[in-house]
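**Q** One structure follows; several queries about it will come next.
The values are calculated or read from the model by the stated rules, or taken from the named source; none is laboratory data. Please read all numbers here as calculations on a predicted model, not as lab measurements. Every residue, glycine among them, receives a Cβ derived from its backbone with ideal geometry; neighbour counts consider all protein chains shown. SASA here: full protein model, heavy atoms, side chains in, ligands and nucleic acids out. Shrake-Rupley method; radii C 1.70, N 1.55, O 1.52, S 1.80 Å.
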Amino acid sequence: MDSLFSVVKPKTKRAKRFLEKREPKLNENTKNAMLIKGGNANLTVSEVLKDIYAVKKPFAFDSFLQLQEFFSKKSDCSLFLFGSHNKKRPNNLVIGRMFDYHVLDMIELGVEKFVSLKDIKNSKCPEGTKPMLVFAGDMFDVNEEYRRLKSLLIDFFRGPTVPSIRLAGLEYVLHFTAVDGKIYMRSYKVLLKKSGCKIPRIELEEMGPSLDLVMRRTHLASDDLYKLSLKQPKGLKPKKKKNISHDVFGTTYGRIHMQKQDLSKLQTRKMKGLKKRPAEKSAEDSGATPKKPKSA
């Protein structure tokens, strides 16, 4: 295993370009996932892996090689899903992610109920559709293990980062519900119906796969390592602009610095009552104080 993580010096220009692609970047590539089928996996686990592979495509690949080959830099995958089955832990799934080619988080889930894509006879979303992720349940915000599982599922299913979206492209929903110690995963297709106005009426049609999961064992990263994995490079941090602030609602406030103004030269609304008399104008030109008229 030591040879896998040793420093490799390129001997050709092609190898140099290949290693440059693997170097850390300010904007990382889309996270790929590897789906691994254990040697003792049963039919249910195999069908689960096939359906998740169909949902995750084209940012996933499946294989039956040894784990050592996948945990190396050769695979260039930061997410993994391992399926197995035995008497002690039937229908077992292990989902995890890696940081710097080392395991960061790993959570073991048991499949209690499974409905395949092909069992639900409905139209499916096109391959590569970016899903909308919905999480329901207080456990995703209260419990630390469920909070890490939520972060892990977002990493696994989020897909590529896009600069803009269109309404017709929002057609795929992945819904996760945590209640009574179980996690329910449901997938829906969004149908845009006519509503008689500009905004369409939304309907959800279940299309599969459907999973009832229970959390078993967890292997979570320490707080220091987890904080290190979330650290952003300085190049991605927005530069602080002077004299600009934001409130809690996102409103932008700016401060403008101006020289001292002479309010006597400020142009106001012209009124007959404010109009200067000829005597006052001539006194201003000569510099003398105008005489006040005598009152009768």
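**Q** Between residues in the stretch 84-98 that are farther than 24 Å from SER151 by Cα and residues that are open to solvent by less than 10 Å² (accessible area, probe 1.4 Å), which pairs lie under 6 Å by C-beta distance while being six or more apart or on different chains?
**A** Taking only residues 6 or more apart or on different chains, the pairs are HIS85/VAL45.
**Q** LEU133 - would you say it is out of contact with any Asp or Glu (no Cβ under 9 Å at 6 or more places or on another chain), open to solvent by less than 60 Å² (accessible area, probe 1.4 Å) and in contact (Cβ under 8 Å) with a residue 24 or more places away in the chain?
**A** On the way: out of contact with any Asp or Glu (no Cβ under 9 Å at 6 or more places or on another chain): yes; open to solvent by less than 60 Å² (accessible area, probe 1.4 Å): yes; in contact (Cβ under 8 Å) with a residue 24 or more places away in the chain: yes.
In short, yes.
**Q** Return the residues of the stretch 156-203 that are modelled with pLDDT under 85 and under 19 Å from GLY110 (Cβ atoms); say none if nothing qualifies.
**A** The answer is none; no residue qualifies.
For every residue, the table says whether it meets (1) in contact with a strand residue (DSSP E or B) (Cβ under 8 Å, 6 or more places away or on another chain); (2) hydroxyl-bearing (Ser, Thr, Tyr); (3) assigned to a strand (DSSP E or B).
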| position | (1), (2), (3) |
| --- | --- |
| GLU108 | yes, no, yes |
| LYS118 | no, no, no |
| SER123 | yes, yes, no |
| GLU127 | no, no, no |
| LEU133 | yes, no, yes |
| TYR146 | yes, yes, no |
| GLY159 | no, no, no |
| SER164 | no, yes, no |
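**Q** Can you list the strands (runs of 3 or more DSSP E) lying wholly within the stretch 1-104 that have 1 or more residues being modelled with pLDDT under 75?
**A** Working: elements: 33-37, 60-63, 79-84, 92-99.
Once the strands (runs of 3 or more DSSP E) in the stretch 1-104 are filtered for at least 1 residues that are modelled with pLDDT under 75, what remains is 33-37, 60-63.
**Q** Which strands (runs of 3 or more DSSP E) does the stretch 191-288 wholly contain that include 1 or more residues that are in contact (Cβ under 8 Å) with a residue 12 or more places away in the chain? Step through it out loud before you land on a result.
**A** Values: elements: 201-206, 210-219, 244-246, 252-254.
Here the list reads 201-206, 210-219.
**Q** If you check ILE244, ILE165, which single one turns out to be more than 23 Å from the chain's Cα centre (by Cα) and open to solvent by 50 Å² or more (accessible area, probe 1.4 Å)?
**A** On the way: ILE165 fails: more than 23 Å from the chain's Cα centre (by Cα).
After applying the criteria, what remains is ILE244.
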